[in-house]
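Each value in this text was obtained by applying a stated rule to the coordinates, not by laboratory testing. Being a predicted model, the structure only gives us computed values, none of them experimental. Note: ideal-geometry Cβ built from the backbone for every residue, glycine included; neighbour counts use all protein chains shown.
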Amino acid sequence: MRSVRRADLDAVVALDAAVTGLEKRAYWQRVYRRYGVAGTAEQRHFLVALAGGRVVGFMIGEVRDWEFGSPPCGWVFALDVHPQARQAGIGTQLLAALSERFRQAGVTKLRTLLARDNTLILSFFRSQGMMAGPLIPLEMDLPQGVAHSAAVEPTR
Ligand SMILES: CC(C)(COP(=O)(O)OP(=O)(O)OC[C@H]1O[C@@H](n2cnc3c(N)ncnc32)[C@H](O)[C@@H]1OP(=O)(O)O)[C@@H](O)C(=O)NCCC(=O)NCCS
């Protein structure tokens, strides 16, 4: 387990595309700039797992301070282990490495969000000791059509 390097990006893009069916190179380049290069030592972490010199998994997390009315806590918001490398403890090791970095930043709480029907990720996080927390996610569709931004001047 180590922090991501630029040379890992192709493997990360390919791994994500294999798991999700979508190649999102521009997205991963943005994530790399934000979490790989600009990530501060204590706040943002983009970790990769290597086996035989190849990237076989990654995990991304960030310490968020005082948001949602909550003291600083560590959020996990992306994880993938290559299908051929699963059930060998790599996900567990990635989470342990990320948790250790959060602990070093003084954080004592770990949080994540997952799709309700993603039983694989739920099973993984439950195995790591995570339970339902006190926050609930809310969302709605934004009305489409006329832009109402105050920054948009009406055309005359
Ligand atoms: C979830 C995931 C990260 C687990 O990685 P992994 O390296 O296989 O995990 P581990 O080997 O450390 O497994 C730890 C525990 O997770 C649970 N688990 C892992 N795979 C499981 C499976 N297929 N079914 C049920 N539970 C499972 C088990 O409790 C396991 O403990 P055990 O080995 O003692 O049974 C991996 O399956 C993955 O990348 N899935 C796809 C993630 C995804 O969809 N990402 C895109 C959206 S973010």
Reduced to Cα centres, the span from segment 57-83 to segment 1-54 in Å works out to 14
What is the dipole size for segment 2-127, taken about its Cα centre, with +1 at each Lys and Arg Cβ and -1 at each Asp and Glu Cβ, in debye to the nearest 20? 120
0 to 90° range, to nearest 10: angle between helix 90-104 axis and the chain longest Cα axis: 70
Find the all-direction average of the projected area of the Cα convex hull for the chain, expressing the result in square nanometres with one decimal place. 12.4
Non-local amide H neighbours of Gly57 (under 5 Å, H modeled in plane, Pro and chain starts lacking H): which ones? Ala49, His82
At R0 = 22 Å the Cβ-Cβ FRET efficiency linking Asp65 and Arg30, nearest 0.05, sits at 0.50
So what is the 222 nm mean residue ellipticity for the chain from helices alone, if each DSSP H run of at least 4 adds -39500 (n - 2.57) and you divide by all residues, rounding to the nearest 500 deg cm²/dmol? -8500 deg cm²/dmol
In nm², the average projected area of the convex hull spanned by the Cα atoms of segment 8-66 is 4.6
